[in-house]
1. Looking at R42 and the list (1) part of a helix (DSSP H, G or I); (2) without any contact (Cβ under 8 Å) to a residue 24 or more places away in the chain; (3) touching a helix residue (DSSP H, G or I) at 6+ places or on another chain (Cβ under 8 Å), which single condition is not satisfied?
2. Restricting region 48-99 to residues that are without any contact (Cβ under 8 Å) to a residue 12 or more places away in the chain and either in contact with a Leu (Cβ under 7 Å, 6 or more places away or on another chain) or not in a helix (DSSP H, G or I) (or both), which is farthest from R131 (Cα to Cα)?
3. Filter region 78-96 down to the residues that are within 16 Å of A43 (Cα to Cα) and touching a His at 6+ places or on another chain (Cβ under 9 Å), then identify the one that is surrounded by the most Cβ atoms within 10 Å (Cβ to Cβ).
4. So which of D110, D139 ends up being closer than 19 Å to L190 by Cα and open to solvent by less than 60 Å² (accessible area, probe 1.4 Å)?
5. State which residue is modelled with the lowest pLDDT when the search covers only region 103-136 and only residues that are more than 16 Å from the chain's Cα centre (by Cα), of a type outside the set (D, E, K, R) and part of a helix (DSSP H, G or I).
6. Test R154 against the stated conditions and say whether it is in contact with a Lys or Arg (Cβ under 9 Å, 6 or more places away or on another chain), in a helix (DSSP H, G or I) and among the charged types (D, E, K, R).
7. Can you tell me which residue is modelled with the highest pLDDT among those in region 168-194 that are farther than 19 Å from F208 by Cβ and assigned to a loop (DSSP other than H, G, I, E, B)?
8. Enumerate the pairs (first residue in region 100-123 and within 15 Å of E151 (Cα to Cα); second residue anywhere and part of a loop (DSSP other than H, G, I, E, B) and hydroxyl-bearing (S, T, Y)) with beta-carbon separation below 8 Å, excluding pairs fewer than 6 apart on the same chain, so at least 6 apart or on different chains.
Amino acid sequence: MPRNTTADQPKQPAQPGPSAQPKQPGQSTQPERPYHHGDLRRAILHAALDAIATDGPSALSLRDLARRAGVSHAAPAHHFKDRTGLLTAIAAEGHTLLAATLAEAGDLRDAGVRYVRFAREHPAHFQVMFRPELLREDDLELTTARALSRERLRTAVTGARPGTLDPVGADPRLAGIAAWSLSHGFATLLLSGNLTGVVGDQDPEEVFRTATELLFPTAPPSP
């Protein structure tokens, strides 16, 4: 029987096609992928907070935020619908952070100090949180977070010891307004640069603590 000479012949190596060309030095072996944010919503919020801290909330625009975050022009609107929705999300986040800060206060004076600290550490949030004309007031996330931060302040007021910003027998609601006004006013003046000459190189929180002591001296211990 004649032999199958074709089968006995050694196989020739396959010629590389276009997709099998050897890689050039330094060339990636992974297919190229489009850039993707791990958390696009967070990236837009970060860009918005930076813009507000620099130029204030009035100068905020979704188109500029898209450029800052390096995303498409439609991305901010996809996550927040419009400028009001974005500012509302920032305000809600701010109230959540403020509530967490106030929850650790030891007394009402400490709550005031922590309020000032929050304003210093989160100036962009602080500029937006108390501007109802910029916000969607019926937003569930905002109303929930705002109620929580106010409850933390009420808790600090009702649990205050005599002489810590809460005169004995005072209406807790009015005492809360007084404490909020003092803390918020100091924080606002501080962030706007109106206390620069007064505070100087001192710690603003210690200046605030001293100011509250002047207005509401701590009651001496009972004999």
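1. Against the list (1) part of a helix (DSSP H, G or I); (2) without any contact (Cβ under 8 Å) to a residue 24 or more places away in the chain; (3) touching a helix residue (DSSP H, G or I) at 6+ places or on another chain (Cβ under 8 Å), R42 comes up short only on (3).
2. Here the answer is S72.
3. I90
4. The unique qualifying residue is D110.
5. L108
6. The answer is yes for R154.
7. Selected residue: D171.
8. D107/T164; L108/T164
The values are calculated or read from the model by the stated rules, or taken from the named source; none is laboratory data. Note that the coordinates shown come from a computational prediction; the quantities given were computed from them, not determined experimentally. Here Cβ is always computed from backbone atoms with ideal geometry, including for glycine, and neighbour counts include all displayed protein chains. Quick note on the areas: whole protein, heavy atoms, side chains included, nothing else; ligands and nucleic acids left out. Shrake-Rupley method; radii C 1.70, N 1.55, O 1.52, S 1.80 Å.
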